[in-house]
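Colleague: Following this message is one structure expressed as structure tokens.
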């Protein structure tokens with residue numbers, strides 16, 4: 001697989017590398033209930049998916065006038081790790097793509113470095129992403145600001161227009177657009193409802209793709225004229 005117009009692929013993590021969104025949402029809903037806010041998993045997903053932890057706390061405060069204590073973060077992480085150990089798996093097709101990929105790639109996620117390390121360890125993906133993982137911890141603002149994607153590109157000395165982002169959330173797509181990067185809106189995670197494709201398109205996704213077969217075929221056919 002060779003290409004002269006694409007120099008770096010930037011993957012989001014949750015819902016793109018691992019099928020974690022449903023598990024993360026379940027953990028968040030359980031933790032919120034313990035701290036006095038009972039919401040359905042669908043409500044929690046609408047509220048928090050694609051946000052940094054800090055942005056999620058701010059949104060909870062704005063919508064429900066609830067200030068969560070530091071113990072909430074500890075409890076949410078505990079519940080998340082329990083579910084990840086039991087159920088977390090890579091998104092179907094990811095490992096096959098990585099095994100064939102000759103282009104440089106990295107991860108840029110709103111998750112913390114601690115969460116990312118645990119995620120890759122739980123799914124035996126650490127050897128694919130060691131030394132090429134970037135977190136919202138590394139920048140002033142996470143997605144939907146462009147900072148994280150621009151930081152990843154800078155670390156790889158790659159101009160934004162020669163990067164390709166793969167993200168499954170509207171906030172991630174907006175971040176890529178703001179960074180000047182073409183972006184695949186990915187709907188291959190188990191959490192993806194039919195409405196997600198339209199939401200990613202509306203957020204500015206250059207393409208919307210349902211699985212890694214489509215992503216792989218696109219990378220192989222990538223042509224600079226598509227972005228001229």
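Rule-based calculations on the coordinates, nothing more; no lab input. Here the structure is a predicted model, which means the values were calculated and not measured. Reconstructed Cβ throughout: ideal geometry from the backbone, glycine too, with neighbour counts over all protein chains shown.
Colleague: Computed over the Cα atoms, what is the radius of gyration of the chain divided by 2.2 N^0.38 Å, N being its residue count?
Modeller: The chain yields a ratio of 0.98.
Colleague: Take the Cα atoms of segment 21-87, build their convex hull, and give its volume per residue in Å³.
Modeller: Cα-based convex hull of segment 21-87, divided per residue, equals 77 Å³.
Colleague: Counting only DSSP beta bridges with both residues in the chain, tell me the antiparallel percent, nearest 5.
Modeller: If I count the DSSP bridges inside the chain, around 5 percent turn out antiparallel.
Colleague: Sticking with this structure for a sec: Classify segment 67-168 from the C-alpha gyration tensor, please: rounded if a/c falls under 1.5, else prolate or oblate depending on whether a/b exceeds b/c.
Modeller: In terms of gyration-tensor shape, oblate.
Colleague: Quote to one decimal, in nm, the extra length available between residue 95 and residue 74 on full extension: 0.36 nm per residue of separation minus the C-alpha distance between them.
Modeller: In short, 4.5 nm is gained.
Colleague: So what is the 222 nm mean residue ellipticity for the chain from helices alone, if each DSSP H run of at least 4 adds -39500 (n - 2.57) and you divide by all residues, rounding to the nearest 500 deg cm²/dmol?
Modeller: Helices in the chain give a 222 nm mean residue ellipticity of -14500 deg cm²/dmol.
Colleague: Only counting other Cβ atoms within 10 Å, I'd like 13, 106, 163 sorted with the fewest neighbours first.
Modeller: Ascending Cβ contact count within 10 Å gives the list 106, 13, 163.
Colleague: From Cα pairs below 8 angstrom and at least 6 apart in sequence, can you work out the relative contact order of the chain, rounded to a whole percent?
Modeller: Relative contact order for the chain comes out at 27 percent.
Colleague: Another question about this same structure. Counting other beta carbons within 10 Å of each residue's own, what order do 76, 58 fall into, fewest first?
Modeller: In increasing order of surrounding Cβ atoms, one gets 58, 76.
Colleague: Further question on the same structure: Can you tell me the 0 to 90 degree angle between the C-alpha axis of helix 21-34 and the longest principal axis of the chain, rounded to 10?
Modeller: 20
Colleague: For segment 103-228, what class follows from the C-alpha gyration tensor (a ≥ b ≥ c being the square roots of its eigenvalues): rounded when a/c is under 1.5, otherwise prolate if a/b is larger than b/c, else oblate?
Modeller: rounded
Colleague: What ranking do 105, 64 get, fewest neighbouring Cβ atoms within 10 angstrom at the top?
Modeller: In increasing order of surrounding Cβ atoms, one gets 64, 105.
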